[in-house]
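A short write-up of the structure that comes next.
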Amino acid sequence: MGDLIPGLPEEVARECLLRVGFRQLPAARRTSRQWKAEVESPLYGRLRRANGHARPILALAQALPALAASGPARKYAASAALSNSYRLVLHDPADGGWVTLPPLPGGRGLPLFCQLAAVACGERRKLVVVGGWDPETWAPTDTVHVYDFLEGAWRSGAPMPGPRRSFFACAATGRRVFVAGGHDEEKNALRSAAAYDAEADAWAALPDMALERDEPRGVRVGARFVVVGGYPTEAQGRFTGTGEAFDTDAWAWDPVLDRIVNEGACPGTCCAAPSAAGAMYMLRDGHLAVRDGDSGWRAVAPVPEDGRAATVIVAIGDGRVAAIGAGRHGGEQAVYVLNKEAGTNGAAPSWARARAPQEFAGHVQAACCVEV
């Protein structure tokens, strides 16, 4: 085999490949057999993370913006907001870049109300799209799609088992995506749960939860899949403040947890930091709040005025949290990132707004963070 890069020492050539941005990874993989073997090796992924070249990227299920009266945005679909046309986009908080992902296989568009999760298959990170509603018929779907950032391509995964569920809890830990609760096609709240192994492309049933939970929120806290809130069939929108945690090592649910959130509070903005400690965040009374362990919720920072109608919160890591929303319902979406130095050394927490071209200002239904 020849040199990775002719004329350069092996360690210098490897460092050059480690610095390839996530947008160029598929092209680097296709350059030569030697480069393909290099970027697909487990060592490449480990070194990329160890040397700080892998970065957290926001994956967003975002609506195509409506047609502007004039200007460059005219090339985007005129009736996108009315026709429920969504696509997947990536935003890099570090360099401010935006890019769209290729369409899903099958050509039917991104399912409405789908769930997004980032999995680790060995050293490779992949994006998984689970469930949602068919954008044409609005019927619940059991589809699963997996995007490989090295290949730059989608594959269809094994369909989600059991009743076709809507508005379920979803979160990933390791190579598995966990789903629980939601409701079936008869609007019955569910206790059932399952896990998708993205490496094996197979589903496994979990024991049922103790309670029915429609519209719960799923987060990963350490090695646990935590299902927050929701409501039983007869309650219809009266959210409980309880939760249930699934121990992925013991493969069993812990006892029901009381007062994770306030009774009656929708848990839709709950998220958890991607760390062993797993601090939880959510929006409360116009503020970003954090919960560390059993210490209860405390306010961290007020959300900027033009993001007060934020509907999506994503913990990026290193103390950074993204809030995605608008100043009013139906307004232009904004992405704000709370800096990781927020509140240290007596400094007031501060938000930085991500600049987005008009074509990336559509409503965001779901999001997750993936390190690429």
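The values are calculated or read from the model by the stated rules, or taken from the named source; none is laboratory data. As the structure is a computational prediction, the values presented were derived from the model and not from experiment. Neighbour counts run over all protein chains shown; Cβ positions are idealised from the backbone, glycine included. The area values use the complete protein model at the heavy-atom level, side chains included, leaving out ligands, DNA and RNA. Shrake-Rupley method; radii C 1.70, N 1.55, O 1.52, S 1.80 Å.
The set of residues in the range 205-230 being open to solvent by less than 40 Å² (accessible area, probe 1.4 Å) and part of a strand (DSSP E or B) consists of 206, 214, 218, 219, 221, 225, 226, 227, 228.
Across the range 282-318, the qualifying residues are those that are without any contact (Cβ under 8 Å) to a residue 24 or more places away in the chain and under 18 Å from residue 353 (Cβ atoms), and the one among them that is surrounded by the fewest Cβ atoms within 10 Å (Cβ to Cβ) is 305. Just checking, which of 355, 320, 328 is in contact with a Lys or Arg (Cβ under 7 Å, 6 or more places away or on another chain) and either under 30 Å from residue 152 (Cβ atoms) or modelled with pLDDT under 90 (or both)? Going through 355, 320, 328 in turn, just one is in contact with a Lys or Arg (Cβ under 7 Å, 6 or more places away or on another chain) and either under 30 Å from residue 152 (Cβ atoms) or modelled with pLDDT under 90 (or both): 320.
Considering (1) assigned to a strand (DSSP E or B); (2) modelled with pLDDT under 95, the lone condition that residue 172 does not fulfil carries the number (2). Taken over the range 124-145, residues that are surrounded by fewer than 21 Cβ atoms within 10 Å (Cβ to Cβ), assigned to a strand (DSSP E or B) and without any contact (Cβ under 8 Å) to a residue 60 or more places away in the chain amount to 2. In the range 37-76, the qualifying residues are those that are over 30 Å from residue 271 (Cβ atoms) and assigned to a loop (DSSP other than H, G, I, E, B), and the one that is modelled with the highest pLDDT is 41.
For the range 1-47, residues that are without any contact (Cβ under 8 Å) to a residue 60 or more places away in the chain and of a type in the set (Phe, Trp, Tyr) total 1. A residue that is closer than 21 Å to residue 110 by Cβ, in contact with a Ser or Thr (Cβ under 8 Å, 6 or more places away or on another chain) and either free of Cβ contacts under 8 Å to residues at least 60 places away in the same chain or among the aromatic types (Phe, Trp, Tyr) (or both) cannot be found anywhere in the range 166-174.
Among the residues of the range 175-187, how many are open to solvent by less than 60 Å² (accessible area, probe 1.4 Å) and either touching a Pro at 6+ places or on another chain (Cβ under 9 Å) or free of Cβ contacts under 8 Å to residues at least 60 places away in the same chain (or both)? Lay out the reasoning, then the answer.
Quick first cut of the range 175-187, residues open to solvent by less than 60 Å² (accessible area, probe 1.4 Å) only: 177-184.
After this cut, where a residue has to be either touching a Pro at 6+ places or on another chain (Cβ under 9 Å) or free of Cβ contacts under 8 Å to residues at least 60 places away in the same chain (or both) as well, the list is 180-184.
Adding up the residues that qualify gives 5.
The residue of the range 1-36 that is nearest to residue 95 (Cα to Cα), among those that are part of a loop (DSSP other than H, G, I, E, B) and among the small types (Gly, Ala, Ser), is 21.
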